[in-house]
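The values are calculated or read from the model by the stated rules, or taken from the named source; none is laboratory data. Keep in mind the model is a prediction, meaning the values are calculated, not measured. Don't worry about glycine lacking a Cβ; one is built from the backbone with ideal geometry, like all the others, and counts go over all protein chains shown. These area figures cover heavy atoms from the full protein model, side chains too; ligands, DNA and RNA do not enter into them. Shrake-Rupley method; radii C 1.70, N 1.55, O 1.52, S 1.80 Å.
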Amino acid sequence: MRRSLAILLLATLAVLTAASARAETLIAAMSSHQIQINSNYTGDQLTVFGLVERDGRSAARGDPYDIIVTVRGPRRMLLVREKERLGPIWINRTQRRFPDNSIFLAVASNRPLNEIMSEETARRERIGLENAQRLPDPGLDFGRTTARFKDGMIRLLEEKGLYSQEARGVTFLSNTLFSAPIPVPATAPTGSYEIDIVLYAGGVPLARQSTNFEVVKSGIEQRLASGAYEHSLLYGLATVALALFFGWLSSVVFRKD
C-alpha cells in the first residue's frame with residue numbers, strides 16, 4: 001500500500017513538474033498610457049503589443065495560440081428604457097437598470113470567439129459583448145426580459161462607438177509576437193480604462209496580463225472642469241452672467257427699429 005502511494009505521489013510530482021515546464025508567460029506593453037482630450041480631439045488609437053514567452057525546454061503545443069484582449073472603461077449606472085406608442089405619442093413603459101456597468105467595452109481576438117472557445121466557456125469567463133453583464137436566472141421571465149434590454153443596450157452603445165467586437169482585431173506578427181490596435185472614439189468618457197489580455201491554446205487559458213490607460217482632459221477644457229468642480233458657486237454665477245450678456249447682445253444686434 002505504501003509503495004503504491006509513493007508511486008502515485010511521484011507520478012503526481014512528475015505531472016506538476018512537466019506542467020510547470022510547459023508554462024507560458026505573457027508579456028504586454030502599450031504604445032501610450034494616456035489619451036489627452038483637447039478642443040480638437042476627434043478620437044485616438046492605442047496599440048497593445050505582446051510577447052508569448054515559452055520555456056525553451058518544453059515541447060511545442062499542438063494547438064495554436066489565441067489572444068483575447070478586453071478593454072473595459074469607466075463604470076456607470078446604465079438605464080435602458082423601452083418606448084411604446086400610445087396614440088400619436090411615444091412614452092416610456094418599462095425600463096431596466098444595469099448597475100456598475102462599463103460604459104466602454106471593446107473585445108478583440110485573432111479569430112472569432114466561437115473558434116477559440118465554447119459558448120459555455122465564454123459565458124463562464126464573461127468573454128464577449130453578450131457576456132459582459134451577469135443576468136438574472138434565464139429560466140425566469142424577468143431574466144428573458146432583461147436579456148432583451150441587454151441586447152438593446154449593446155446595440156445602442158455599438159451605434160455610439162462605445163461597444164465593439166473585432167474577430168480579427170489581434171494580429172500575430174510572428175508565432176509569439178502580437179499587436180492589437182484599440183480605437184478610442186471621441187464619445188469615450190474620461191476616466192481609467194482596464195485592459196485584460198488572455199492567452200489561450202485549445203480553449204484553455206494559459207496566461208493573463210493586465211494593464212491600463214487613462215482618458216483625461218487637457219488645456220482649457222481641464223482648467224474649466226477643475227474650476228467648475230473647485231469653485232462651483234463662482235462658475236455658476238459666471239455662466240449665468242455670460243448667458244445674460246449674450247442674450248442682451250443678441251437682442252441689440254438683431255433689434256428691428
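Descriptive notes on the structure:
- Residues being modelled with pLDDT of 90 or more, surrounded by 13 or more Cβ atoms within 10 Å (Cβ to Cβ) and of a type in the set (A, V, I, L, M, F, W, C) are entirely absent from the range 141-148.
- Condition met for residue 168 (within 16 Å of residue 198 (Cα to Cα), out of contact with any Leu (no Cβ under 6 Å at 6 or more places or on another chain) and either at pLDDT 90 or above or part of a strand (DSSP E or B) (or both)): yes
- Comparison of 104, 98 shows that the only residue that is in contact (Cβ under 8 Å) with a residue 60 or more places away in the chain and either in contact with a helix residue (DSSP H, G or I) (Cβ under 6 Å, 6 or more places away or on another chain) or not small (Gly, Ala, Ser) (or both) is 104.
- The range 189-214: number of residues that are within 27 Å of residue 159 (Cα to Cα) and open to solvent by 10 Å² or more (accessible area, probe 1.4 Å): 9
- Test: residue in the range 171-186 that is exposed (fewer than 15 other Cβ atoms within 10 Å of the Cβ), on the phi > 0 side of the Ramachandran plot, in contact (Cβ under 8 Å) with a residue 12 or more places away in the chain and in a loop (DSSP other than H, G, I, E, B): no
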